[in-house]
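Following: one structure in structure tokens, then a few remarks.
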Amino acid sequence: PIIYKTYLKSEHSDENIEFWLVCEAYEKIKSQRKRISMARKLFTSYIQPQAPNKINIDSPARKAIMRNVQEPTQSCFDEAQRILYRHRETDSYP
């Protein structure tokens, strides 16, 4: 995993694996209050157009998250994860 993350960093796509890992933790959050807080952090860091670690997802997925981030469900970021998984399968292997 560390070697793979180093490779992704060299490819300028380490934000994808970071987002993926945070989403895996996010899905386990039971508290609605904590889920809202984490969803907003994910949105600010990875989803919003000016995010410092903006991930490469399509506009419909980004807009769906933007609509749902105020009252996020455990599956709020699932489509983004699916997109990143497809990117990993096709683009992110040395």
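The values are calculated or read from the model by the stated rules, or taken from the named source; none is laboratory data. Please read these numbers as outputs of a predicted model, since none were measured by experiment. Here the Cβ is made from the backbone with ideal geometry for all residues, glycine too, and neighbour counts use every protein chain on show.
Here Thr73 meets each of (1) assigned to a loop (DSSP other than H, G, I, E, B); (2) within 13 Å of the chain's Cα centre (by Cα) with one exception, condition (2). Ala80 passes every criterion in (1) buried (at least 17 other Cβ atoms within 10 Å of the Cβ); (2) in contact with a Pro (Cβ under 9 Å, 6 or more places away or on another chain) apart from (2). Just one of (1) farther than 12 Å from Ala80 by Cβ; (2) at pLDDT 95 or above; (3) aromatic (Phe, Trp, Tyr) fails for Tyr4. It is (2).
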